[in-house]
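Everything on this sheet refers to the single structure shown next.
The values are calculated or read from the model by the stated rules, or taken from the named source; none is laboratory data. The model shown is predicted, which means the values in this text are computed figures rather than measured ones. Don't worry about glycine lacking a Cβ; one is built from the backbone with ideal geometry, like all the others, and counts go over all protein chains shown.
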Amino acid sequence: MASLQSSPLKLNEAQMVILQLFQHRTMNEQEINALKRTLTRHLTAELDNEIERVMNEKGITAKDVKNRTEGINENRTEYMKALREGNQ
């Protein structure tokens, strides 16, 4: 694990807000895990929305993704070779 002393820690605005919200609150492990799940659900929803936006913007359908994934899985060696060569 990287030492905090070797590189200064810079917090973004969201991190600062979260720290301020919980600076005077002690939480047990169960509460911390619930908070992690809540934040994870929020971030997952944001990611899903972004993926949907990009897919719509590029005209990509779920079927396109499924077909591409199946193709990659069927011939993973060739796919990885093409990636390394910059052909994907």
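A quick yes/no check of all residues on (1) exposed (fewer than 10 other Cβ atoms within 10 Å of the Cβ); (2) at pLDDT 95 or above; (3) touching a His at 6+ places or on another chain (Cβ under 6 Å):
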| residue | (1), (2), (3) |
| --- | --- |
| I18 | no, no, no |
| T26 | yes, no, no |
| T40 | no, yes, no |
| L43 | no, yes, no |
| E57 | yes, yes, no |
| D64 | no, no, no |
| T77 | yes, no, no |
| M80 | no, no, no |
| R84 | yes, no, no |
inquiry  = Condition first: outside any helix (DSSP H, G or I), aliphatic (A, V, I, L, M) and at pLDDT 90 or above. Now tell me which residues in segment 1-16 satisfy that.
reply    = L11
